[in-house]
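Below is one structure; the comments refer to it alone.
The values are calculated or read from the model by the stated rules, or taken from the named source; none is laboratory data. Since the structure is predicted, the reported quantities are computational estimates derived from the model, not experimental observations. Quick reminder, even Gly has a Cβ in these numbers, built from the backbone with ideal geometry, and neighbours come from all protein chains shown.
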Amino acid sequence: MAKHKKSLEDFFEKSDHEPEDLKAYVSGIEKDIPHKETRLDKIALFFTNTLSRQKASSQEKKPKEPSEFRKKWGEFFSKISHTLFDQFNFESGVDILDEKSVLYRRNKVIRNIIRVTNIVFLVFTLIGSQEPNYILTFGFWIIMFTINLTLKRIINEEPRTLLKQQMAMYIASVYILLASLAVYIKLRVGAGSLNPDGAETLVETTFNLFSITQAGYVLIYFALVVIALYQDARLLRNIFKWVLVIMTIIHVSIMYPLYLYASSLQNLYDYLIVSHPEVSIDILLRTLLLIVFNIALYSSVAIGQMMNDKRKLELIKRRDMESDFKAVVGDVFDVISVFNSDTYLAGENERAATRVAEIASRLGNVLGLSPNVCTEIYEYSKIHVDRTGDLSIDDYEAKEVLTEADYSDIRDKTILGSVIIKRLQLNQKSEDIIRAHFEKNATPEFKERMKRVQRSQEGQIILLAEMYEILRQARNYKTELTHKRALELLQLEFKDYFEPYILDRFIRYSSEFEDYYVRTQKTPQKTLEPA
């Protein structure tokens, strides 16, 4: 490259100083365009400057090296948090295309959630009144223990089937819903009557209603959220129908004992509309809130389910692509192996490949290329001999699902395979050129086509070394040639395939290349001139 031309690195090199012309141009633009600073601009500038100062001060402060004690405690808490995260992670080690495996994992996680929730249920049953009923609490604990034991057995029983996991899903959903309803009813009954005409004082009624009963009421919404974690819209839809019916019964019988005023429709109307309209409003608002909450929850589950379905489709497509990718890569690698064994190794061997690599590397050296480039030329010249064994993908053929590491490894092998194919292309190009000239088939169109194949400087260097090697060897279309005759043909017949300076350097240092070639021959060869 001429010295007056800049390299890409120089062209893209970042300058620490702006050109004076650019500064003048920008200054002129700023003078011509009036800029009025608004309050929003000032506020934004203030926050920007504040964040910049904080960032600068944090970068100036060198973080202190934590002590050995803090490191150990950090590792300990990291292990605990990781373990807890795995207990409540829905996708830990799960193949999302396996519906049974996905539902099994969800059942395991929700069972862990139910375990924690049971403790909350027990606490609520104990604090629901000043004099807790321990027999009732013990009975509730027996039911919880039995349900959890049954769930564990159904979820883990072998053989694991989709039907068993679906059964566990419905049992867990119905249980947590009924348990939350039972806790709320217990809290509501323990809180006393909400009838304003009752004997309880207003303070007691308000305390019981808003401090204890409402906390139990929230558990019902919590149960619906836990059920929604299954991401099953049909399950949530069916559950909510029963929730709406049961909650309506609770509202009109337990929360507000309307049956006391239902002796006639007139009495019920007077109570709900005339004397106590707040009761009607409260029931109506609670019902509307429950419906709106379920609509939002159902929409979230439906969207999540749709996204999971699309994710499954994408994963199916990816696995199909991976399977095709493995098949294509395997076929390409097989072709490379066959090409090496049947075409290349039939007339060449590793010794010949080493000679080509050494001659190409030495030619690069006399051309003034850097040692790193010469090393790369040497390695590239032998890559089709040295690295073909690295192309095996037998370890991945039996795998139905490739991990990211597997996919990355095969991708690296594919890149290596493409490089080997390029190298074999150079080998085939040299054979085609020499054969065409010896058989007098080297038309101008053929020459132009060959020139377009790997025309880089490194490619020409290796091609020249390959052609010299082939000219010195016997082929079915020619006999072995002497060094002198090979040089003559390179200068007369094959000069159009190389840049003049490359061929000139090769001819100038040809005695060195000949000495190396002769030294590396296994046995002295009988050299013949072509007839």
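So which residues in the stretch 107-116 are among the basic types (Lys, Arg) and closer than 20 Å to Leu178 by Cβ, if there are any at all? Talk me through it step by step, then tell me what you get.
Within the stretch 107-116, the subset among the basic types (Lys, Arg) is 108, 111, 115.
Result: Arg111, Arg115.
So which helices (runs of 4 or more DSSP H) are wholly in the stretch 57-167 and hold at least 1 residues that are at pLDDT 85 or above and of a type in the set (Lys, Arg)?
Per the criteria, 99-127, 134-156.
List the helices (runs of 4 or more DSSP H) inside the stretch 201-295, counting only whole elements, that have at least 2 residues being at pLDDT 85 or above and crowded, with 16+ Cβ neighbours inside 10 Å.
Ranges flagged: 214-228, 233-250.
Being closer than 18 Å to Ile470 by Cα and of a type in the set (Gly, Ala, Ser) is the filter; apply it to the stretch 350-379 and report the residue that is surrounded by the most Cβ atoms within 10 Å (Cβ to Cβ).
Checking each candidate, the answer is Ala360.
Got a number for residues in the stretch 438-452 being crowded, with 16+ Cβ neighbours inside 10 Å and either outside the structural domain of Leu490 (by TED's automatic domain parsing) or in a loop (DSSP other than H, G, I, E, B) (or both)?
The qualifying residues number 1.
In the stretch 487-496, what residues are part of a loop (DSSP other than H, G, I, E, B) and either surrounded by fewer than 19 Cβ atoms within 10 Å (Cβ to Cβ) or among the small types (Gly, Ala, Ser) (or both)?
Let us first name the residues in the stretch 487-496 that are part of a loop (DSSP other than H, G, I, E, B), namely 493-494.
Correct list: Glu493 only.
Per-residue answers, yes or no, for (1) touching an Asp or Glu at 6+ places or on another chain (Cβ under 7 Å); (2) of a type in the set (Val, Ile, Thr); (3) not in a helix (DSSP H, G or I):
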position	(1), (2), (3)
Asp412	no, no, no
Leu416	yes, no, no
Ala436	no, no, no
Gln454	no, no, yes
Gly459	no, no, no
Leu464	no, no, no
Arg485	yes, no, no
Tyr501	no, no, no
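Looking only at the stretch 366-389, how many residues end up being touching a residue at least 40 places away in the same chain (Cβ under 8 Å) and among the hydroxyl-bearing types (Ser, Thr, Tyr)?
Count: 3.
Looking at Gln473, is it assigned by TED's automatic domain parsing to the domain that holds Thr375, polar (S, T, N, Q), surrounded by 12 or more Cβ atoms within 10 Å (Cβ to Cβ) and modelled with pLDDT under 90?
The answer is yes for Gln473.
Would you say Lys382 is surrounded by 16 or more Cβ atoms within 10 Å (Cβ to Cβ) and more than 29 Å from Leu471 (Cβ to Cβ)?
no
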